[in-house]
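What follows is a set of notes on a single structure, which appears directly below.
All of the numbers you see were taken from the coordinates with simple rules; none came from a lab. All of these numbers come straight from a predicted model, not from anything done at the bench. Counting neighbours? That spans all protein chains shown, and the Cβs are built from the backbone with ideal geometry, glycine included.
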Amino acid sequence: MIKLIQEYFTASAEKYPNNIAVDVWHEEKKTKKEALEMSFSRLDQYSNQLARHLKSKGVKRGDRVALMFMKIASVDAIASILAILKCDAVYVPIGHNLPAARVAKILDDSGAKLLIYRLCPIEELKKQIKRQDLQFIKLDYDDRLQIYQESTDPLPYANTSDDAAYIMYTSGSTGNPKGVMITHANIINATDWAVEEFGITSEDKMSQHPPLSFDLSTFDLYCAFKTGATLYPVSDNLSLFPGELIKFIEETGLTVWNSVPSVMVYLWNSGLIKPDRLPTLRKIFFNGEGFPARYLAEWMKTYPDKQFVNMYGPTETTVQCSFYRIPAPPTDLTKLVPIGKATGGMEIFAVDGELYVGGKGVGLGYWHNPQKTAESFIEFPGKGRVYKTGDLVSLRGDGNYEFIGRKDNQVKVRGNRIELGDVDAALYSLPYVNEAVAIAIPDIATDGNKLVVFVDLKDKKEEQYIKEDLAKTIPNYMIPDEVRFSKLPKTSTGKIDRPKLKNDYLRSKN
Amino acid sequence: MTTYEAKIKTFLEKETQHQIESDGTNLIEKGVLDSFSMIKLINFVETELGVKVDMEEITPGNFNSVETIARKIETWR
């Protein structure tokens, strides 16, 4: 019985010692000195060595250790995660492309003892960080040679399943990131279910697309660790070049893909997605935001034999708490794909339209923020501890939930109740829309709200033309007051940054 | 500077609101090229410059700066 997530890895290393655990695809791989791939047994040993090195730097049970790596250094990133866990410590993954000021906030808030990094400039960060006691480990070639001198023997663990394994930072409404604490037991529940439900095995080759700082990566990592499957990190550069990305999927022979939907929309728009491409890919998972049905329908018509699964879950409840296997290409192109039913060990239900999540994946709460924790994690009669998602849902006749919008995105405009997600979906159903988002903006003139939509178009269209098109699918009161044409800014996890759009808009009016 | 270089630079600066320091600047590292500006750039090359882009041929190595992008376009002309 596995109690700690690093034990998944060690068990696979015993069972499949020569399976490649992490394989970084690189055109010039053969000429590079760096470790771009590593077997399960070697990576298990390397992480034992690194854990000893961390302990020699003073890392103890319960300490937070931050890590920041570019995708190309994934072998070291994953070795670091394992090593941190093997010290009974908690890993705090940080996006390598975040502004230094934000990284400094996370390091200060988490009280991390150490930052392990590679191939990331940290001069600016060192200037911004307030603490004097933070240690840095630059895991470069020379460091590794030194670490290789440590013993490869297994380490004893003191942690239990209920101890935190990672803290991931998500954006907070006040601009200060919140650290979500997730335990070993939380991850084991999510992983055991996913491996069983989707039949993932040691033969599988899995993408590792989301940054490690985004909890979507939990699915990739722990499903692979548990089964002995190989992880293929997808570099940021690769994602920009559809031809290269497709070549990558084909040459590595990926069988499992997991990403946010926007990557798949981008791939579709390249025009390279054809029935004879991607022959090895079997299972395609997407999570993190709604998949515009129009694009999903195209993908599914192109690949009727592949499995498409929509996953849903806030970071607070560990990767996924509900899922929906899409049975056939969507026909109603104005709707988002349902978020489905609860995953194993989880329970989802709606209270006044808001989705509550209970079960074994509900995390410990926010790192040293009892007030925010108490607001969102509550005791619910007969259900135990549940997390209030703030997501509004409706229950379909077939027992699947549908996402309608954010609780805080439910707005009233001139007395009419409007779900912004509804307007978003109408915009996405227009063939010339690349990306779009609707936002309610306080209107001083009426003391109410006005509806502004931000659109990024493939072909130029006039505002009036768009409004007329929208009027074909949504009621008049949902037609936006104003259409703004712009590129849509993204948060570090790739979602559309609504607060930024709103603030920029208000500033432009002053 | 070829005409392609000038046109690409003007287009990307207008589209992304970024200043491009030189034709050799790595646009991916600087965040000028992302998945959205890339699609627009390709659309621009095909419709405004009248050159068909071979999506399978572009890579992070040959399509990362004003200079390399212009050179690549020359090969398709």
Task: For region A:414-509, size of Cβ-based charge dipole, Lys and Arg +1, Asp and Glu -1, in debye - done: 300 debye
Task: Residue mean of other protein chain beta carbons inside 10 Å, B:55-63 - done: 6
Task: Cα-based reach from B:Lys9 at 13 Å (exclusive), listing aspartates and glutamates while leaving out same-chain residues under 8 positions away - done: B:Glu21, B:Asp23, B:Glu67
- [ ] Taking the Cα centre of region A:1-169 as origin, work out the dipole magnitude from +1 charges on Lys and Arg Cβ and -1 charges on Asp and Glu Cβ, in debye rounded to 20.
- [x] 360 debye
Open item on the list: Given the C-alpha atoms of chain A, compute the convex hull and give its volume per residue in Å³.
Closed with: 162 Å³
TODO: Please give the calculated 222 nm ellipticity per residue for chain A, where each DSSP H segment of at least 4 residues contributes -39500 (n - 2.57) and the sum is spread over every residue; nearest 500 deg cm²/dmol?
DONE: -9500 deg cm²/dmol
- [ ] Give, rounded to the nearest 20 debye, the magnitude of the charge dipole that region B:9-77 has about its Cα centre when Lys and Arg contribute +1 at Cβ and Asp and Glu contribute -1 at Cβ.
- [x] 100 debye
Task: Cα lying deepest toward the dipole's positive end in chain A, options A:Gly111, A:Tyr222, A:Pro327, charges on Cβ - done: A:Gly111
Task: Mean-position separation - Cα centroids, region A:483-502 and region A:198-231, in angstrom - done: 29 Å
Task: Spacing of the two label points (7 Å from each Cα toward its C-beta) at A:Asp276 and A:Glu196, in nm - done: 4.3 nm
- [ ] Take each of the peptides A:84-97, A:360-373, average the number of other beta-carbon atoms within 10 Å over its residues, and list them starting from the highest.
- [x] A:84-97, A:360-373
Task: Whether chain B is rounded, prolate or oblate, judged on the alpha carbon gyration tensor where a/c under 1.5 counts as rounded - done: rounded
Task: Burial ranking of peptide ranges A:155-161, A:46-52 (average Cβ count within 10 Å, highest at the top) - done: A:46-52, A:155-161
- [ ] Treating cross-link reach as a plain straight distance, find the aspartates and glutamates whose alpha-carbon is under 19 Å from the alpha-carbon of A:Lys126, omitting any fewer than eight places away in the same chain.
- [x] A:Asp108, A:Asp109, A:Asp140
TODO: Only bridges with both residues in chain A count here: give the DSSP antiparallel percent, nearest 5.
DONE: 60 percent
- [ ] Determine the shielding of peptide A:241-254 by partner chains: average, over its residues, the number of Cβ atoms on other chains within 10 angstrom of each Cβ.
- [x] 3
TODO: With r as the distance between the Cβ atoms of A:Phe136 and A:Glu379 and R0 = 41 Å, compute the FRET efficiency 1/(1 + (r/R0)^6) and round to 0.05.
DONE: 0.50
Open item on the list: Could you sort the peptides A:398-405, A:56-63, A:209-216 by per-residue average Cβ neighbour count (10 Å cutoff), highest mean leading?
Closed with: A:209-216, A:398-405, A:56-63
Task: region A:87-226: C-alpha pair distances exceeding 23 Å, % - done: 47 percent
TODO: Work out the FRET efficiency for A:Ser151 and A:Glu251 from their Cβ-Cβ distance, taking R0 = 45 Å, and round it to the nearest 0.05.
DONE: 0.75
